[in-house]
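Please read the structure below before turning to the comments.
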Amino acid sequence: MQRILIIQTAFIGDVVLATGLLEKLHQHFPDAEIDMAVRKGNESLFDDHPFLHQILIWNKKSAKYKHLFQLLSIVRRRKYDVVINVQRYFATGFLTAFSGADRKIGFDKNPFSFFFTDIISHDFSGLGDATHEIQRNHALIRSFTDEKAGRPVLYPTTKAFEKIAVYQQRPYICIAPASVWFTKQYPADQWIDLIHQLPAHYSIYLLGAPSDQHLCDTIRKQSNDRVIDLSGQLSFLESAALMKAAVMNYVNDSAPMHFASAMNAPVTAIYCSTIPGFGYGPLSDQSRVVESQENLSCRPCGLHGHAACPEKHFKCARTIQTEQLLNSLSSL
């Protein structure tokens with residue numbers, strides 16, 4: 001195997017989990033040129049990555065299909081020996097099917113799977129069977145690597161570590177309060193209550209994308225002067241570098257949880273409407289899951305969450321106690 005392409009053009013958390021494939025492939029084929037195709041905006045996750053030869057970028061927001069055909073042209077010119085498609089959707093199936101690769105590997109649920117040379121069963125029932133996503137991904141390469149799934153790993157650059165050094169003068173806690181989905185996001189007033197009860201000797205940093213700045217600013221204004229809002233100020237790799245040395249990282253079931261996993265950073269993952277059994281739980285050696293202690297018949301209400309609670313009460317979040325979050329810190 002001389003040239004390998006991994007295709008994962010989904011959201012940032014999914015891409016982070018797919019780095020486990022990159023780790024395993026490099027371990028077994030250290031001399032291979034490994035490329036990765038991602039959506040535009042996620043490429044900075046791989047700045048100066050030690051194992052990647054090239055990043056291919058698909059601009060999905062502007063002239064989506066024009067850029068898809070441009071990407072296909074690049075893929076065909078690269079003459080890959082193997083293309084590994086981590087996704088189950090039309091566009092990436094099209095890329096894989098017509099890549100020109102000798103070996104085309106993908107899941108059976110992809111609409112183009114009948115063009116693949118290796119069709120892999122996608123082991124997900126949606127019933128909370130606890131098979132982790134990295135294991136589902138690993139099924140794509142198990143036949144020519146080994147039985148153990150590779151854990152996700154990120155490699156922040158030297159510049160990333162240099163930038164966040166100023167925030168590491170005293171012990172600190174990171175909080176990533178936002179989520180794309182309302183029902184996966186722990187409520188702002190409950191984050192504020194947690195902050196007020198955290199030990200006074202910790203600095204507290206709020207992390208998030210530029211789109212999270214309003215939420216983070218609201219939390220900061222109602223908290224105390226220990227809280228510094230870094231939302232929109234750090235890159236993916238800078239955020240990951242900061243999380244690595246945190247005493248604790250408090251996150252939702254969202255991308256920052258996977259950042260913590262990829263840095264093996266201590267993490268407390270809060271699950272509101274979703275459950276760890278879907279297979280996207282934290283992988284850090286020091287990880288805690290916090291969820292409602294009530295037996296709610298409406299939970300989980302979906303794999304990805306909703307824009308509002310379908311039952312109007314949001315008990316999956318509202319019944320979580322601040323003490324549960326504090327206990328994960330005191331148990332270290």
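The values are calculated or read from the model by the stated rules, or taken from the named source; none is laboratory data. For clarity, every value in this text was computed on a predicted model and none was experimentally measured. Neighbour counts are summed over all protein chains in view; Cβ atoms, including those assigned to glycine, are modelled from backbone coordinates with ideal geometry. With ligands, DNA and RNA removed, areas are computed over all heavy atoms of the protein, side chains included. Shrake-Rupley method; radii C 1.70, N 1.55, O 1.52, S 1.80 Å.
For the criterion of being in a loop (DSSP other than H, G, I, E, B) and on the phi > 0 side of the Ramachandran plot, Gly281 fails. None of Ala63, Ala130 is among the aliphatic types (A, V, I, L, M) and without any contact (Cβ under 8 Å) to a residue 60 or more places away in the chain except Ala63. Would you point out the residue of the stretch 6-43, among those that are open to solvent by 10 Å² or more (accessible area, probe 1.4 Å) and of a type in the set (A, V, I, L, M, F, W, C), that is farthest from Leu71 (Cα to Cα)? Once the filter is applied, the top-ranked residue is Phe29. Whenever a residue of the stretch 171-189 is without any contact (Cβ under 8 Å) to a residue 60 or more places away in the chain, its partners that are among the polar types (S, T, N, Q), lying with C-beta atoms within less than 9 angstrom and at least six residues away or across chains, give the pairs Ala188/Thr218; Ala188/Gln222; Asp189/Gln222. The residues of the stretch 51-73 that are open to solvent by 40 Å² or more (accessible area, probe 1.4 Å), hydrophobic (A, V, I, L, M, F, W, C) and in contact with an Asp or Glu (Cβ under 9 Å, 6 or more places away or on another chain), listed by number, are Phe51, Ile55, Ile57. Here Val267 meets the list (1) open to solvent by less than 20 Å² (accessible area, probe 1.4 Å); (2) in contact with a strand residue (DSSP E or B) (Cβ under 6 Å, 6 or more places away or on another chain); (3) over 22 Å from Leu206 (Cα atoms) almost entirely, failing just condition (3).
Annotation: Arg103 fulfils all but one of (1) of a type outside the set (Val, Ile, Thr); (2) crowded, with 22+ Cβ neighbours inside 10 Å; (3) more than 23 Å from the chain's Cα centre (by Cα); the unmet one is (2). Count of the stretch 74-89 residues, restricted to those that are modelled with pLDDT of 95 or more and open to solvent by 50 Å² or more (accessible area, probe 1.4 Å), is 4. Just checking, how many residues over the stretch 203-243 are open to solvent by less than 40 Å² (accessible area, probe 1.4 Å) and outside any loop (DSSP other than H, G, I, E, B)? Within the stretch 203-243, residues that are open to solvent by less than 40 Å² (accessible area, probe 1.4 Å) and outside any loop (DSSP other than H, G, I, E, B) number 17.
Cβ-Cβ distances below 8 Å connect the following pairs, each with a first residue in the stretch 303-330 that is in contact (Cβ under 8 Å) with a residue 60 or more places away in the chain and over 18 Å from His196 (Cα atoms), a second residue that is in a loop (DSSP other than H, G, I, E, B) and open to solvent by 90 Å² or more (accessible area, probe 1.4 Å), and a separation of six or more residues or different chains: His304/Trp181; Gly305/Val180; Gly305/Trp181; His306/Trp181; Ala307/Trp181. Here Ala246, Ala260, Ala265 are screened, and the one residue that is free of Cβ contacts under 8 Å to residues at least 40 places away in the same chain, part of a loop (DSSP other than H, G, I, E, B) and in contact with a helix residue (DSSP H, G or I) (Cβ under 9 Å, 6 or more places away or on another chain) is Ala265.
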